[in-house]
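Got a structure for you, questions after.
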């Protein structure tokens, strides 16, 4: 939060991108607005933190923390930032356990959040920061066909150690069963 001696950074423009201080100012404005609309919160707000996430813009936690991706710094993606802040505040207000169900949707709509997948930004700089993933997850189907699943930042044991379940459970894509998964490393 700003001290009495700090002034919030001016609004971002193409020649003056977002700073961490400006993000904190926008967050505080949205938090105060949300508090006025919803006096009772399932998880009272505790603090704002930043991380280096490249798969999600933000996260809300039961202890009242909201964590925003530092990927916003250096961009002019104010609309995406405001939407993310409203989205995460809606989780604190409605309750984390309700995920994206009707209760959360009601709160998010009142706050003005627009549900959308992470990394789908209109801002080219933010989109590039969020979409630059190192690996491509490929599904090898029973018939030998290779299907691209998605770009990912890390390999997951869920796919590297993929085996048939005890009851024969298997992943399928559009009705076709997956034999195994492989990762293509974009840096090799």
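Restricting to region 50-64, name every residue that is more than 16 Å from residue 92 (Cβ to Cβ) and out of contact with any helix residue (DSSP H, G or I) (no Cβ under 9 Å at 6 or more places or on another chain).
Selection gives nothing.
Can you tell me which residue is nearest to residue 130 (Cα to Cα) among those in region 156-171 that are at pLDDT 80 or above and surrounded by 11 or more Cβ atoms within 10 Å (Cβ to Cβ)? Let's see the steps before the verdict.
Keep residues of region 156-171 that are at pLDDT 80 or above, which gives 156-162, 171.
Pick out the ones that are also surrounded by 11 or more Cβ atoms within 10 Å (Cβ to Cβ) and you get 156, 159-160, 162, 171.
Details: 156: 18, 159: 22, 160: 23, 162: 27, 171: 27 Å.
Checked region 156-171; the qualifying residue nearest to residue 130 (Cα to Cα) is 156.
Which of the residues belonging to region 113-133 are exposed (fewer than 15 other Cβ atoms within 10 Å of the Cβ) and modelled with pLDDT of 80 or more?
The one that is exposed (fewer than 15 other Cβ atoms within 10 Å of the Cβ) and modelled with pLDDT of 80 or more: 114.
Right, another one. Of everything in region 136-155 that's modelled with pLDDT of 85 or more and not in a strand (DSSP E or B), which residue is surrounded by the most Cβ atoms within 10 Å (Cβ to Cβ)?
So the residue we want is 155.
The values are calculated or read from the model by the stated rules, or taken from the named source; none is laboratory data. Here the structure is a predicted model, which is why all the values come from computation and not from measurement. Glycine also receives a Cβ, built like all others from the backbone with ideal geometry; neighbour counts cover every protein chain displayed.
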